[in-house]
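Novice: Here it is, the structure, as structure tokens.
The values are calculated or read from the model by the stated rules, or taken from the named source; none is laboratory data. On a predicted model such as this, the values are computed, not experimentally measured, just so you know. Cβ atoms come from the backbone with ideal geometry, glycine included; neighbour counts cover every protein chain shown.
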Amino acid sequence: MKIKLTIELVPSTVWFSSLYNIFKNSSQQALWRDIKNMIFKKEGRKCWVCGRTDRRLEAHEFWDYDDKNKIQKLVAIHHLCDLCHKVKHIGLWLHTDKGARLLDQQGLDSFDVVNHFCAVNNCDQDVFDKCEEEAFKVFAERSKYQWKQDFDAYEKIIRPLIKNEY
Ligand SMILES: [Zn+2]
Ligand SMILES: [Zn+2]
């Protein structure tokens, strides 16, 4: 079975080291806006996974994991609707008090997120449960390690910012 909308949990050891966070922590939000504008131009104002145009669009960083050499590589950035994006970061949204509070503030609950997963993937909740369990297994294993990060095309912009920060 092909899962179109997957759950991708970032290992806890690199949680605060996303491109977005590094820009934010070094007051370079303009760079993030540039990236968003570039994606809008290239891909239009719609969710890259489900195609919806009627919801808030948030840029999501897609990472590849070289589990042997412990290298986390940024492979793409696309706009996702807020529901697809919540599925990607399901640990926060469905499994923390903060996530529950934020969902409530947005007039949503956990069923909205799970139902969105099932609708996009055309599956039932059993499939969601299995995918979630598997994602948490991978997360637990990867969170045991420090990861070397590869920001690919953004290396040149990012490295000096990291040096200043830490
Ligand atoms: Zn979507
Ligand atoms: Zn994201």
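Novice: Residues being more than 16 Å from ligand 1 (Cβ to nearest atom) and surrounded by 14 or more Cβ atoms within 10 Å (Cβ to Cβ): count how many of those fall in the stretch 72-94.
Specialist: Residues flagged as more than 16 Å from ligand 1 (Cβ to nearest atom) and surrounded by 14 or more Cβ atoms within 10 Å (Cβ to Cβ) within the stretch 72-94 amount to 6.
Novice: Follow-up. When residues of the stretch 120-143 are filtered for being touching a Cys at 6+ places or on another chain (Cβ under 8 Å) and within 16 Å of ligand 1 (Cβ to nearest atom), how many remain?
Specialist: 2
Novice: I need the full set of residues from the stretch 1-31 which are within 12 Å of ligand 2 (Cβ to nearest atom), more than 30 Å from VAL127 (Cβ to Cβ) and out of contact with any Asp or Glu (no Cβ under 7 Å at 6 or more places or on another chain), in order please.
Specialist: Result: ASN21, single match.
Novice: Take the stretch 97-145 and flag every residue that is in contact with a Lys or Arg (Cβ under 7 Å, 6 or more places away or on another chain) and either of a type in the set (S, T, N, Q) or closer than 14 Å to MET1 by Cα (or both).
Specialist: Within the stretch 97-145, VAL120, ASN121 meet the criteria.
Novice: Going residue by residue through the stretch 153-164, is there one that turns out to be modelled with pLDDT of 95 or more and more than 18 Å from the chain's Cα centre (by Cα)?
Specialist: No.
Novice: Quick one: which residue in LYS156, LYS148 is closer than 23 Å to TYR20 by Cα, surrounded by 11 or more Cβ atoms within 10 Å (Cβ to Cβ) and basic (Lys, Arg)?
Specialist: LYS148
Novice: Are there any pairs, at least 6 apart or on different chains, whose C-beta atoms fall under 8 Å, with the first in the stretch 59-82 and closer than 19 Å to ARG159 by Cβ and at pLDDT 95 or above and the second of a type in the set (Gly, Ala, Ser) and assigned to a loop (DSSP other than H, G, I, E, B), and if so, which?
Specialist: Filtered contacts from the stretch 59-82: GLU61/SER18.
Novice: Let me ask something else. Restricting the search to the stretch 17-57, which residues are of a type in the set (Phe, Trp, Tyr) and not in a helix (DSSP H, G or I)?
Specialist: TRP48
Novice: Something else: Could you please let me know if LEU5 is part of a helix (DSSP H, G or I) and touching a residue at least 60 places away in the same chain (Cβ under 8 Å)?
Specialist: Answer is no for this residue.
Novice: Here's something else I'd like to know. Given VAL87, VAL138, VAL127, which one is farther than 24 Å from GLU61 by Cβ and among the β-branched types (Val, Ile, Thr)?
Specialist: Result of the check over VAL87, VAL138, VAL127: VAL127.
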